[in-house]
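First up is the structure itself, then whatever we jot down about it.
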Amino acid sequence: MHPEIQLDSPGKCPKCGGMDLVPQDSRTQTPLHEKSGLLQYKPLFIIVGLITLAACSAAWNGLIIEWTKAMQYFMAGFFFVFSGFKLLDIKGFAEGYSQYDLLAKRWHGYGLFYPFIELALGVGYILVPLEQNLHIITMVIMLFGGIGVSIKIAKHEKFQCACLGTFIDVPLTYITIIENFGMAMMAGFMIISG
């Protein structure tokens, strides 16, 4: 998550305190943050693609895909998977998230609590997918997150996206904006169609 950290001895990252430092000569591949273009988003595309495949498969009724159900399943899967990556290293996620989220910058506890919010939203999209308040909460949280990302990008500041926790290195760019605002739009669609 913090490739700029280089020390002479093994240990934990002093910036986030959560990740083990890796010897520089043990790197056999180019780190994602050094790759260019869409290649740096490969893990994100694979994860979102698998969630989409699972959601469409679950919404298949034998003849067609029921798109509203597919969207509900996608949102549940998205929140489950993305919260899971964050839960693997909550401290590291909160540190990274506080670099660009408007509320996490001011209150570190929000970054520690956020993975549980996503987990609860995932459960909500399984148990009560037609609940209007669920869609409203999702829309507000995703719009708020997207605004923080948009501000960082508008300032041309370089940060790693914490959306997949500290284990998958994805830069904070327009893909992150699409992720946040896309989820907000899906929640908005659910509100309108509900």
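The values are calculated or read from the model by the stated rules, or taken from the named source; none is laboratory data. Nothing here was measured: the structure is a model prediction, and the numbers come from that model. Reconstructed Cβ throughout: ideal geometry from the backbone, glycine too, with neighbour counts over all protein chains shown.
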Within the set of pairs 6+ apart or on separate chains, which have a first residue in the stretch 38-56 that is closer than 18 Å to F85 by Cα and surrounded by fewer than 16 Cβ atoms within 10 Å (Cβ to Cβ), a second that is of a type in the set (D, E) and at pLDDT below 85, and C-beta atoms under 9 Å apart?
P43/D169
For the list (1) in contact (Cβ under 8 Å) with a residue 24 or more places away in the chain; (2) in contact with a strand residue (DSSP E or B) (Cβ under 8 Å, 6 or more places away or on another chain), I need the number of the one condition that K158 fails.
(1)
Checking V140 against (1) surrounded by 14 or more Cβ atoms within 10 Å (Cβ to Cβ); (2) on the phi < 0 side of the Ramachandran plot: exactly one of these is not met. Which one?
(1)
For the condition touching a residue at least 12 places away in the same chain (Cβ under 8 Å) and within 24 Å of Y41 (Cα to Cα), what is the one hit in I175, I117?
I175
Test I192 against the stated conditions and say whether it is modelled with pLDDT under 90 and not in a loop (DSSP other than H, G, I, E, B).
no
What helices (runs of 4 or more DSSP H) lie completely within the stretch 52-159 and have 3 or more residues being aliphatic (A, V, I, L, M)?
67-87, 102-106, 108-127, 132-154
From the options Q72, Q99, residue that is within 14 Å of C161 (Cβ to Cβ), polar (S, T, N, Q) and in contact (Cβ under 8 Å) with a residue 24 or more places away in the chain
Q99
